[in-house]
Amino acid sequence: MLLTAALAACGSAPSLAPPIAGEPQASKAGATFTDRFGMVFARVPAGEFMMGSDESPQALAKAFPHADPKRLTDLADEAPVHRVRITRGFWLGAHEVTVGQFRRFLRESGYVPESVRDGTGGYGFNPNYDPSRTERGDLFEGRDPRYSWENPGFAQTERHPVVNVTWNDAVAMAKWLSQREGATYRLPTEAEWEYAARAGTRTRFPAGDDPQVLLKTANTFDRETALRWPRWRDQAGSGSDHYPFTAPVGSFAPNAFGLYDMIGNAWEWVSDWYGEDYYARSPTDDPAGPAEGSVRVRRGGSWHSWPLYSRVAFRNWNTPETRYVLVGFRLLREK
């Protein structure tokens, strides 16, 4: 069944019913379920969609006039657009994993985050840091033991998305929850992630094609954030989304599957190895990415992502041990 038909059959708006405690009972899109750990999941039904983007650099240049032409040609890994069938429905975290949830995982499991275990720390925002005077020329300071999932250099509450976590940290939490809950928790595949993020849409952003829609629907690189990075001011949205750094999860409206912050706030690790040409050879049913690789995919953009890089189709990647002030994760539960 095509996704549009599935949404028509069950209603495209997220359920307003209270979360279901204990074991999942509902299967329609937008239904919610709260596990015993207290994490809320939304139901994503099986279905088909067209994955990727085949927009030309010329078309993108009209929508993003300040983008460097080379950046636009570097987006070729979003093509070709190809049909993907998600054959099994799943439960996806309604929110990105929060600081409070990650803290509880560490406390109860005894797991030590990679940035602490290897002693090198993470990255962080430092208002006195001048990237133009450093060899690396990066926008943030690190690696440094001062920075970690607890301290990205700006204030966060227990309800903000955890960042500075590695792919390995995310997988460790998924494995621990699987043992604790008696169900399979994991990172979504890249295809599952994009299918869930689109929720039946084919536009650049879940709310439409115009970059202006981001200001009301996602926490991305806006004029307020750009005050701290004047070099990139032309790339910013033309207004403010009211969050210069991360926002508490759920600060913006959910998509049709009841999922919050699929675009912006924090990049989200997915399970796949990255393959630049993988879309050209991807199987139709439940693609899981290349069998091997050197870097893992992350999707969705962050509070520091330009509108160009906040499109649903955009792909990015890092090594599994990367910990960065912009990167977090969201978990999938299979049953």
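The values are calculated or read from the model by the stated rules, or taken from the named source; none is laboratory data. Since the structure is predicted, the reported quantities are computational estimates derived from the model, not experimental observations. With ideal geometry, Cβ positions are generated from the backbone for all residues, glycine too; neighbour counts draw on all protein chains shown.
Looking only at the stretch 268-286, decide whether some residue is among the hydrophobic types (A, V, I, L, M, F, W, C), part of a loop (DSSP other than H, G, I, E, B) and more than 14 Å from the chain's Cα centre (by Cα). Within the stretch 268-286, not a single residue is among the hydrophobic types (A, V, I, L, M, F, W, C), part of a loop (DSSP other than H, G, I, E, B) and more than 14 Å from the chain's Cα centre (by Cα). Going residue by residue through the stretch 190-210, is there one that turns out to be outside any loop (DSSP other than H, G, I, E, B), closer than 26 Å to Glu55 by Cβ and free of Cβ contacts under 8 Å to residues at least 40 places away in the same chain? Yes - at least one qualifying residue is present in the stretch 190-210.
Taking the criterion of being assigned to a loop (DSSP other than H, G, I, E, B) and within 13 Å of the chain's Cα centre (by Cα), the residues of the stretch 308-328 that qualify are Arg311, Val312, Ala313, Phe314, Arg315, Leu326.
Among the residues in the stretch 141-156, are any among the aliphatic types (A, V, I, L, M) and either assigned to a loop (DSSP other than H, G, I, E, B) or more than 22 Å from Glu321 (Cα to Cα) (or both)? Checked the stretch 141-156: at least one residue is among the aliphatic types (A, V, I, L, M) and either assigned to a loop (DSSP other than H, G, I, E, B) or more than 22 Å from Glu321 (Cα to Cα) (or both). Within the stretch 267-306, the set of residues being within 30 Å of Ala226 (Cα to Cα) and among the aromatic types (Phe, Trp, Tyr) comprises Trp267, Trp269, Tyr274, Trp303, Trp306.
Restricting to the stretch 218-237, name every residue that is assigned to a loop (DSSP other than H, G, I, E, B), more than 22 Å from Val312 (Cβ to Cβ) and in contact (Cβ under 8 Å) with a residue 40 or more places away in the chain.
Listed by number, the residues that qualify are Arg228, Trp229.
The numbered conditions (1) free of Cβ contacts under 8 Å to residues at least 60 places away in the same chain; (2) β-branched (Val, Ile, Thr); (3) assigned to a loop (DSSP other than H, G, I, E, B) are all true for Val116 except (3). The residue that is surrounded by the most Cβ atoms within 10 Å (Cβ to Cβ), among those in the stretch 103-136 that are hydroxyl-bearing (Ser, Thr, Tyr) and modelled with pLDDT under 90, is Tyr129.
Give Val295, Val249 a once-over and let me know the one that is hydrophobic (A, V, I, L, M, F, W, C), surrounded by fewer than 18 Cβ atoms within 10 Å (Cβ to Cβ) and either at negative phi or in contact with a His (Cβ under 9 Å, 6 or more places away or on another chain) (or both). Show your work before the answer.
Values: Val249 fails: surrounded by fewer than 18 Cβ atoms within 10 Å (Cβ to Cβ).
Residue meeting the stated conditions: Val295.
Restricting the first member to the stretch 119-143 and to residues that are at negative phi, and the second to residues that are in a helix (DSSP H, G or I) and modelled with pLDDT of 75 or more, the beta-carbon pairs closer than 7 Å and six or more apart or on different chains are Gly122/Ser115.
Name every residue in the stretch 157-170 that is part of a loop (DSSP other than H, G, I, E, B) and either free of Cβ contacts under 8 Å to residues at least 60 places away in the same chain or within 12 Å of Arg323 (Cα to Cα) (or both), in order of residue number.
If the condition is that a residue be part of a loop (DSSP other than H, G, I, E, B) and either free of Cβ contacts under 8 Å to residues at least 60 places away in the same chain or within 12 Å of Arg323 (Cα to Cα) (or both), then Val162, Val163, Asn164, Val165, Thr166 are the ones that fit.
Is it the case that Ala9 is within 22 Å of Tyr195 (Cβ to Cβ) and either at pLDDT 70 or above or surrounded by fewer than 21 Cβ atoms within 10 Å (Cβ to Cβ) (or both)? Here the answer is yes, as Ala9 does meet what is asked. Just so you know, in the stretch 34-54 the residues that are hydrophobic (A, V, I, L, M, F, W, C) and part of a strand (DSSP E or B) include one that is surrounded by the fewest Cβ atoms within 10 Å (Cβ to Cβ), and it is Met50.
When Ser251, Ser178, Ser240 are checked against the criterion of being of a type in the set (Gly, Ala, Ser), in a loop (DSSP other than H, G, I, E, B) and over 18 Å from Phe64 (Cα atoms), a single residue qualifies: Ser251.
Considering only residues in the stretch 55-85 that are at pLDDT 95 or above and of a type in the set (Asp, Glu), the one that is surrounded by the most Cβ atoms within 10 Å (Cβ to Cβ) turns out to be Glu55.
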